[in-house]
Amino acid sequence: MTSEEFKQWGYRFVDWAADYIAHPEKYPVLSRVSPGDIRKQLPAEPPAQPESYEQMLQDLDRIIVPGLTHWNHPSFFAYFPNTGSEPGIFGEMLTAALNVNGMVWRTSPAATELEEHVLDWLRGMIGLPAAFKGMIFDTASLSTFHALAAARETITERSVREDGLSGPDAPRLRLYASEQAHSSIEKSVMALGIGRRGLVKIGTDAEFRMDAKALEFAIDKDLREGFRPFAVVATVGTTSTTSIDPVARIADVCAKFGLWLHVDAAYAGSAAILPEMRHIVDGVDRADSFVTNPHKWLLTSMDFSAFYCRRPDMLRRAFSLSPEYLQTAEGDAVTNAQDSTLQLGRRFRALKFWMVIRHYGVEGLRDCIREHIRLGKLFASLVESDPRFEVVAPVPFSTVCFRLKSGDADNQALIDRVNASGKLFISSTRLNEKLTLRFAIGNARSGEAHVRAAWEEIRSLNRQDAKGEM
Ligand code: PLP
């Protein structure tokens, strides 16, 4: 391809992307295809001869787009929404064009140093102490996996790195998290050889926050029974309700027993860039590691998870291994990312985040999150104004858990009807054993009009349901 051809097609693809992000609301939010519908339309064999970009664009519209659930849609209110922002898209495009692999410093010094630098910026934005060193991972699940692998290395009576965790003399490790903690914690213990029985789920209070007293009691009991506690995961912004565990009190418990404290703030950590929300990270200065995902609420395209660790020596103990072919002359004068991670290859993710922060400025990012929090409270007040519904958890951020008072069957019917409408997309969870609807605001394109229209739609679909009109 000549440079001229590249530009011509590049403009076509940018035109396509520009049209798409200008009007995502012209599609149903939730894809309507059935399982297998997409594959049925794809040829069984790859093309033997080159095909044109023209054909690919046609197939993109014809086959792929109908099979998408549109996260860019302003009425995507399920899970934790995200934003395909323009600077994020440009950053991704340049990352693909540069195609560097930042596995060690010399394989692209700018990739390593920009990563360190933007994570230092973010650390300052959310008010973490300078002792935390940042690294980018794809997801919070992988960030947490690395945190817990590092925590496992703090066990002094055995070198897990060298001897593993099998055999009759292996310590029976125990990790603690609330019953509201994300499933990624459980996956980490499965993958790290600790096992699901090694994860103790601590009860929560009426507002779904970890009970720090129950944590202390559980650790005490485990010690008496010969288990080896090694870490606690506190959550700032749990997945179901966005509750905030009492991190400072949990940090006291960790200090008492000498345990690693990891804080999972995958969604809500971004809100700490607001001075008025800084309290959500109270106590995090005493944690050993912390994760937040700019790809959730800081306008950065998938994927980007910011991981911070104040014990980088433990991360290196868990993962450093430099065969001859990876050794470099720079030695300890530089950061070689692969010394602290399971993976070797490393995408240049820092570029898009750098561009996002520069494009919006910290104030622009704050405005966006502040507005989402306002809209969350507005939605909660709309729900509360209808006596058939109830808000079932506090709303500290922009996610509202609510339900029809009448029962699970009605709530299930309502959510099915809402999501089949194509006009909005919400998700659900179970709280106190009751089916609960979740309405989360986190897309920069979602405004007050979308939130009000969503509530009207939910109410009217519920009315139709009750009257059996549909
Ligand atoms: N932790 C919390 C609190 C979450 O809410 C989520 C996802 O929503 C995760 C971790 C997992 O995030 P990821 O998809 O980046 O692994």
Worksheet item: Does residue 118 satisfy the condition of being in a helix (DSSP H, G or I) and either open to solvent by less than 50 Å² (accessible area, probe 1.4 Å) or within 16 Å of the ligand (Cβ to nearest atom) (or both)?
Response: yes
Fill in: Odd one out for residue 136, checked against (1) within 16 Å of the ligand (Cβ to nearest atom); (2) among the aliphatic types (A, V, I, L, M); (3) over 20 Å from residue 293 (Cα atoms)
(3)
Practice prompt. Mind telling me which of the residues 108, 166 ends up being more than 23 Å from the chain's Cα centre (by Cα) and either open to solvent by less than 50 Å² (accessible area, probe 1.4 Å) or basic (Lys, Arg) (or both)?
Written response: 108
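Could you name every one of the helices (runs of 4 or more DSSP H) located completely within region 21-98 that has at least 2 residues being open to solvent by 70 Å² or more (accessible area, probe 1.4 Å) and aliphatic (A, V, I, L, M)?
In region 21-98, the matching helices (runs of 4 or more DSSP H) lie at 86-98.
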Item to complete: Evaluate the following for residue 193: is it open to solvent by less than 30 Å² (accessible area, probe 1.4 Å), on the phi > 0 side of the Ramachandran plot and not assigned by TED's automatic domain parsing to the domain that holds residue 431?
Response: no
Worksheet item: Does residue 98 meet the test of being away from the ligand (no atom under 16 Å from the Cβ) and within 30 Å of residue 441 (Cβ to Cβ)?
Response: no
Practice prompt. Determine which single condition residue 185 fails, assuming it passes every other condition in (1) within 16 Å of the ligand (Cβ to nearest atom); (2) surrounded by fewer than 17 Cβ atoms within 10 Å (Cβ to Cβ).
Written response: (2)
Worksheet item: Applying the selection to region 417-460, what residues are closer than 26 Å to residue 238 by Cβ and basic (Lys, Arg)?
Response: 430, 434, 438, 445
Worksheet item: Within region 122-144, can you find the residues that are assigned to a helix (DSSP H, G or I), surrounded by fewer than 22 Cβ atoms within 10 Å (Cβ to Cβ) and in contact with a helix residue (DSSP H, G or I) (Cβ under 6 Å, 6 or more places away or on another chain)?
Response: 125, 141
Practice prompt. Considering only residues that are of a type outside the set (A, V, I, L, M, F, W, C) and either touching a Ser or Thr at 6+ places or on another chain (Cβ under 8 Å) or outside any loop (DSSP other than H, G, I, E, B) (or both), look in region 333-348 and name the one that is surrounded by the fewest Cβ atoms within 10 Å (Cβ to Cβ).
Written response: 339
Worksheet item: Quick check, is residue 270 closer than 24 Å to residue 346 by Cβ, under 12 Å from the mean Cα position of the chain (by Cα) and either of a type in the set (Ser, Thr, Tyr) or modelled with pLDDT of 95 or more (or both)?
Response: yes
Discussion item. Step by step: first the residues of region 158-182, then only those that are touching a residue at least 40 places away in the same chain (Cβ under 8 Å) and farther than 11 Å from residue 230 by Cβ, then the one that is nearest to the ligand (Cβ to nearest atom). Which residue is that?
Written reply: 182
Discussion item. Taking the conditions exactly as written (acidic (Asp, Glu) and within 16 Å of the ligand (Cβ to nearest atom)), does residue 245 satisfy them or not?
Written reply: yes
Worksheet, complete the sentence: Here the residues within region 258-271 that are in contact (Cβ under 8 Å) with a residue 40 or more places away in the chain and out of contact with any Gly (no Cβ under 6 Å at 6 or more places or on another chain) are 259, 260, 262, 264, 266, 269, 270, 271
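Results for (1) among the basic types (Lys, Arg); (2) touching a residue at least 24 places away in the same chain (Cβ under 8 Å); (3) under 30 Å from residue 441 (Cβ atoms), shown as yes or no for each residue.
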| site | (1), (2), (3) |
| --- | --- |
| 38 | no, yes, yes |
| 51 | no, no, no |
| 57 | no, yes, no |
| 60 | no, yes, yes |
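Could you list, in sequence order, the residues of region 178-215 that are over 30 Å from residue 166 (Cβ atoms) and touching a helix residue (DSSP H, G or I) at 6+ places or on another chain (Cβ under 7 Å)?
203, 210, 212
The values are calculated or read from the model by the stated rules, or taken from the named source; none is laboratory data. Only a predicted model underlies this, so the values are computations on that prediction, with no experimental measurement involved. Counting neighbours? That spans all protein chains shown, and the Cβs are built from the backbone with ideal geometry, glycine included. Just the protein is used for accessible areas: all its heavy atoms, side chains included, with ligands, DNA and RNA removed. Shrake-Rupley method; radii C 1.70, N 1.55, O 1.52, S 1.80 Å.
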